[in-house]
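Student: Here you go, one structure.
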Amino acid sequence: MKKKAVAAMLIMCMAVSAAACGKSSDTEKTTTETTDTKDSEDSEKDSTDTDTKEAASSEGKRLVSVKDVSKYVTIGEYKGLKLTRTSQTVTDDDVQAEINYDLKDNGTEVQDGTVENGDTVTINFTGTIDGKEFDGGSAEDYELVVGDGEMIDGFEDGIVGMKSGETKELDLTFPDDYYEESVAGKAVVFKVTLQKFTRPAELTDEWVAENTEYKTVDEYREAVKKQLEDTAVQTADYGLYSDAWNKVQAASEIKDYPKEDVDAAKKSYQELNEKYVKDAGMEMADFLESQGMSEEDYESECQQYAESKVEQNLIVQGIMDAEGLSIDDEETQNLKDDLIEEYGFTSIDEMIALYGEQEVNESLALLRVERFIVDNANVTEVAGDDADAVDEGYDLKMEDGAEYTIEAGDDAEDKAAAEDTDTADDTDEVAEE
């Protein structure tokens, strides 16, 4: 896992581009092919340089240095794909949960009184088994919401009734099926000190008027519902676009990589990594050592990232060339607003200043191609719990020949469940469930 830490910690380097890093088998295959074809590289260099110059002079802004991407990639089918757009229904419980979050976020510290369920506490605790501390059983300034069931049985109940500054020992037992086998089923004593706690605000018209742009609870509740519904639509769209791109990328085959593009992407990635590490007050060598990575590991990571980025650019550019699309066309320009909003910038110039023009152009081009693929796809709309209110099987025609089919009832729910992937949430604290 440590070898993936650079990609995780330096995620900002990839924040704009959607290049995927993780196709190790493809990378190894391509590296072998690149080595095998090195002898012929010099003989092709002149023609490649010519392609590059022609591309720069006649095609305007491009994502790759070569004019004919077919020499480097075979692009999979990208028209007429069968896709699914899964939309989730916003329930009253969803709305209340969002409101509860706001109330907790605007809670007031309780100076006098004792902890109740729903309060957010800040605690220090030390866990011991047979009188000895154990790894992961202690923490300082640990924050949790009492009653959320984050800790093992009895832990949160033991905090209820405590006062700020109070220290208490909790005699508990880890469950027999606890995920950390070394402590499963064992008796444990947690010494807990309550530093402070806050209580959620009370939802009233007065609170709404003071803390939101609305005047009444009803207005606020409707606004929260509308916001969640907008987010649900956006999430469904993003999932659809991502699925569309992933299908095309998976069906495409890289023959070779333009060396100039890979070198440029690799250099850019390394420079950004060095910048972020330096901003963190470290030297790259020290950082790599702290992550258990050798120079060779890091070099391989950078190479894989660069090749993945170039692969994306080759496919995107190839589709744009074939369909007469451009990062300067009107529709792509309209996507700038979406990109600015998604990343929280005030203007495209501000984004370019941070990430660079090439990164921004790559993101715009990918968005443009994703939308083109979806506009030319057969999309099945899978609704949530309210799907039975929709007439089963009617079609919605969209621009560029796209076709939507609405599915309802049990079939829709079954498909949604089949596509849902649950991810286990690991934790560093052994006291947590």
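The values are calculated or read from the model by the stated rules, or taken from the named source; none is laboratory data. Note that this is a predicted model, so its numbers are computed, not measured. All Cβ positions, even for glycine, are placed from backbone atoms using ideal geometry, and neighbour counts span all protein chains on display. With ligands, DNA and RNA removed, areas are computed over all heavy atoms of the protein, side chains included. Shrake-Rupley method; radii C 1.70, N 1.55, O 1.52, S 1.80 Å.
Student: If the Cβ limit is 7 Å and pairs must be 6+ apart or interchain, which residue in the stretch 260-288 that is within 29 Å of Leu63 (Cα to Cα) pairs with which residue that is outside any helix (DSSP H, G or I)?
Tutor: Glu260/Ser65; Asp261/Val64; Asp261/Ser65; Asn273/Leu10; Tyr276/Leu10
Student: Something else now. Just checking, which of Thr86, Thr128 is polar (S, T, N, Q), open to solvent by less than 60 Å² (accessible area, probe 1.4 Å) and farther than 30 Å from Gln195 by Cβ?
Tutor: So the residue among Thr86, Thr128 that is polar (S, T, N, Q), open to solvent by less than 60 Å² (accessible area, probe 1.4 Å) and farther than 30 Å from Gln195 by Cβ is Thr86.
Student: Checking Tyr238 against (1) surrounded by fewer than 13 Cβ atoms within 10 Å (Cβ to Cβ); (2) in contact (Cβ under 8 Å) with a residue 12 or more places away in the chain; (3) closer than 30 Å to Glu307 by Cβ: exactly one of these is not met. Which one?
Tutor: (2)
Student: I want to confirm something. Restricting to the stretch 244-294 and keeping residues that are within 30 Å of Leu83 (Cβ to Cβ) and of a type in the set (A, V, I, L, M), which single residue is nearest to the chain's Cα centre (by Cα)?
Tutor: Ala244
Student: Let me ask something else. Determine which member of the set Lys168, Lys191, Lys163, Lys186 is touching an Asp or Glu at 6+ places or on another chain (Cβ under 7 Å), open to solvent by 60 Å² or more (accessible area, probe 1.4 Å) and at pLDDT 95 or above. Can you show your working first?
Tutor: Details: Lys168 fails: touching an Asp or Glu at 6+ places or on another chain (Cβ under 7 Å); Lys163 fails: touching an Asp or Glu at 6+ places or on another chain (Cβ under 7 Å); Lys186 fails: touching an Asp or Glu at 6+ places or on another chain (Cβ under 7 Å).
One residue alone meets the criteria, Lys191.
Listed here are the residues, each with its yes/no results for (1) in contact (Cβ under 8 Å) with a residue 12 or more places away in the chain; (2) basic (Lys, Arg); (3) part of a loop (DSSP other than H, G, I, E, B).
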| residue | (1), (2), (3) |
| --- | --- |
| Ala97 | no, no, no |
| Tyr101 | no, no, no |
| Lys104 | yes, yes, no |
| Gln111 | yes, no, yes |
| Val115 | yes, no, yes |
| Gly118 | yes, no, yes |
| Phe125 | yes, no, no |
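Student: Tell me whether the stretch 352-371 contains one or more residues that are assigned to a helix (DSSP H, G or I), in contact with a helix residue (DSSP H, G or I) (Cβ under 8 Å, 6 or more places away or on another chain), free of Cβ contacts under 8 Å to residues at least 12 places away in the same chain and open to solvent by 20 Å² or more (accessible area, probe 1.4 Å).
Tutor: Yes, the stretch 352-371 has at least one match.
Student: Let me ask something else about it. If I ask for residues that are of a type outside the set (Val, Ile, Thr), surrounded by 15 or more Cβ atoms within 10 Å (Cβ to Cβ) and in a strand (DSSP E or B), which ones from the stretch 142-160 would you list?
Tutor: Once the filter is applied, which keeps residues that are of a type outside the set (Val, Ile, Thr), surrounded by 15 or more Cβ atoms within 10 Å (Cβ to Cβ) and in a strand (DSSP E or B), the stretch 142-160 yields Tyr142, Leu144, Met151.
Student: Also, I was wondering about something else. Only one of (1) modelled with pLDDT under 95; (2) exposed (fewer than 13 other Cβ atoms within 10 Å of the Cβ); (3) over 30 Å from Thr380 (Cα atoms) fails for Asn211. Which number is that?
Tutor: (2)
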